[in-house]
Amino acid sequence: MSNSQTKSITIVGGGSSGWMTAMYLNHLYKQENQDIHIRLVESPDIGILGVGEATVHSIRFFFAAMGLDESELLKETQATFKTGIMFKNWMKPVDGEMHQYFHPFEQLKMGNGFDISSSWLLHKHNLGERYDEGTCISSALIKHDHSPKAANSKPYMGIVPYGYHIDANQLARFLRKKAVAAGVEHIEANVSEVKHQDQTITSIITDHGEFSSDYFIDCTGFKGLLINAISEDNWVSYEEALPCNKAVAVQRKYKPGVKPKPYTEATALTNGWVWEIDLANRQGTGYVYDGSKLTKEQAEAELKSYLGNDSEFIKTLHLDMNIGRRKQFWVGNCITIGLSGGFIEPLESTGLHLINLGARLLSTHLVRKNVAEPIRQSYSDLMTLAYEDLKQFIVLHYCITNRDDTEFWQQAQRSVDYCPELKKKLAVWQHKVCEYADLQTASTSCFNDENYRFILYGMQYYPDLHLSNNDTGMATLFETVKKHGEQAVKMTLSHEQAIAAIQNNEARTQHGYIAI
């Protein structure tokens, strides 16, 4: 093997980021018959609070590509299905009713003449119907607590796109088991020193020896143990636009008779929002909040008051979060993936997506032992685009609120000032529907115009449309959506049945499935 070829990669840090990256690279290099040694070094002292982690739907494709059995994965991680996110209390109540809307993973069908969004805006939004209820079938499924799975659905397939609610701790253990079995070297050790020459890491010193490598991947979370050793002034803060920089997370047992929901809930409180992620065996929940507005004690008290003092809490943890991203995700021979590279509050469950994206981009950019600067810059530029796109999408959830009951929500309305491109788009979207061309979405983005419309119209940010409309097929279009929703409910398992099938390890047939 020539000196231009990479021989070894050392990943420092475990968790989802470390083990997903290790598994992806190891799987890829074995497929390509490349003899590149993958080593993962993680501290035995650092535990992960398995409060429950939600995912976007595309994470299925990662697990499938890695050859993981879906039933085994879900059983070992206490997972449930997720068809979207229910947002509650992000607007002022209307007629005493709490405002809510649903953001599914579904991609909508076209209508006759107009797209279904324009059709709904012209005909339905004055009738008190939610946008998601009128345009997608996922809303019909969650109304009946149904999963996206039919009894004969193939692994990783359903009648609508879906993600998961997964115990993050158990996911890391599961991936570690599979990665080690596939040949990844696993070393439990504490890193005491990062040896480097300028911006090139030569080795890491641990309490179990010294390890050198061609490349080092920093998966050490907010600490950024490797990247901070070789680079200074390498951070762009997003806290002006997104001030929620703290979280209090808790595990709690289900009350008698309570069943896991097939969707995530995100409920706005006084100075942030609460997630509720239902696992098979318990709920993971927490309050993401602005640390300049609440103390940790106040946040915990508000969270537990919201959840109900009769709740049986298992574990509580307070988290400090760095909201922002690296200026350079790849410096010298060090690449950041996961929290070491950046973090935006988990409102749209993008944590695992960004890890998957980072690993996937790395596999196409890590072309030789000494990668040229333009390639390293390309990686950083693409990751920057991903974080900037995500920042804009998350700010959208806040800036179009009409809540003004606290200083936090008053500031939220002004958060768009830190996203000038979004501000321009919102001015346009007052007069026309949001469409793909408005966003020119990069390939790194997780969200497109469909996703934007679910937020815009769920938050009642409607364009003032004046379109001539002679389309007699519109009534038929919405009847068709309704019928498809009714059929979907009949064809799918209840969420309870789907979870039981996983936990009981029932075999699924491999034919007759309905593709997404």
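How about region 270-360: which trypsin sites (Lys or Arg not before Pro) there are in a DSSP loop, with at most 15 other Cβ atoms within 10 Å of their Cβ? Mind dumping the intermediate values first?
On the way: sites: ARG282, LYS293, LYS296, LYS304, LYS315, ARG325, ARG326, LYS327, ARG360; in loops: ARG282, LYS293, ARG326, LYS327.
Here the trypsin sites (Lys or Arg not before Pro) that fit, given the DSSP loop and packing criteria, are LYS327.
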Can you compute the FRET efficiency between ALA301 and THR406 using 1/(1 + (r/R0)^6), with r the Cβ-Cβ distance and R0 = 22 Å? Round to the nearest 0.05.
0.90
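Could you quote the convex hull projected area for region 58-98, Cα atoms only and averaged over all directions, in nm²? Show your work: numbers first, answer last.
Values: hull surface 17.6 nm².
Directional mean of the projected Cα hull area for region 58-98 stands at 4.4 nm².
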Per residue of region 374-382, what does 6.51 cos²θ - 1.76 cosθ + 1.60 with θ = phi - 60° give for ³J(HN,Hα)? Whole Hz please, x for Gly and Pro, Karplus curve as stated.
x, 6, 4, 5, 4, 4, 4, 5, 5
Between GLN107 and ASP145, what is the FRET efficiency for a Förster distance of 22 Å, r being their Cβ-Cβ separation, to the nearest 0.05?
0.45
Among TYR457, CYS244, SER305 - extreme Cα towards positive end, dipole of the chain, charges at beta-carbon
TYR457
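For the pair HIS208 and ARG414, what calculated FRET efficiency results from E = 1/(1 + (r/R0)^6), where r is the Cβ-Cβ distance and R0 = 51 Å, to the nearest 0.05? Can you show the working numbers first?
Numbers: r = 51 Å, r/R0 = 1.00.
For R0 = 51 Å, the calculated efficiency reads 0.50.
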Which Rg and Dmax, in Å, describe the Cα atoms of region 92-229?
25.2, 69
Past the 21 angstrom mark, what percentage of all C-alpha to C-alpha distances in region 352-455 do you count?
46
Here D for region 267-318, in µm²/s, from Stokes-Einstein with a Kirkwood Rh over Cα pairs at 25 °C and 0.890 mPa s, works out to 212
Most to least packed among 174-183, 332-341 [average Cβ atoms within 10 Å]
332-341, 174-183
So how long is each side of region 231-368 along the principal axes, counting just the alpha-carbon atoms, biggest first, in Å?
57, 34, 21
Using the heavy atoms of the protein chains alone and a 1.4 angstrom probe, what is the accessible area of the chain per residue in square angstrom?
42
Once amide hydrogens are built 1.01 Å from N within the peptide plane, the residues lying 5 or more places from TRP90 or on another chain with amide H under 5 Å from its amide H are ALA268
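Starting from the Kirkwood Rh over alpha-carbon pairs, what translational D in µm² s⁻¹ does the chain have by Stokes-Einstein at 20 °C and 1.002 mPa s? Mind showing how you got there, number by number?
On the way: Rh = 24.1 Å.
Translational diffusion coefficient: 89 µm²/s.
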Looking at the chain only, what percent of DSSP beta bridges run antiparallel? Nearest 5 please.
75
Can you compute the helix-only [θ] at 222 nm over the chain? Use -39500 (n - 2.57) per DSSP H run of at least 4 residues, normalise by all residues, nearest 500 deg cm²/dmol.
-10500 deg cm²/dmol
Contour excess over end-to-end distance, with Cα ends at GLN5 and GLU97 and 0.36 nm allotted per residue
26.9 nm
Taking θ = phi - 60°, what integer Hz values does the Karplus form 6.51 cos²θ - 1.76 cosθ + 1.60 yield along region 98-103, in sequence order, with x for Gly and Pro?
5, 6, 8, 8, 10, 10
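Roughly to the nearest percent, how much of the accessible area of the chain is carbon and sulfur, given a 1.4 Å probe? Show your work: numbers first, answer last.
On the way: 10320 of 21510 Å².
Reported share for carbon and sulfur atoms: 48 percent.
The values are calculated or read from the model by the stated rules, or taken from the named source; none is laboratory data. Given the structure is predicted, the values throughout are model-derived calculations rather than measurements. Backbone-built Cβ (ideal geometry, glycine too); neighbour counts: all protein chains shown. Side chains included, ligands, DNA and RNA excluded: accessible areas come from the protein's heavy atoms. Shrake-Rupley method; radii C 1.70, N 1.55, O 1.52, S 1.80 Å.
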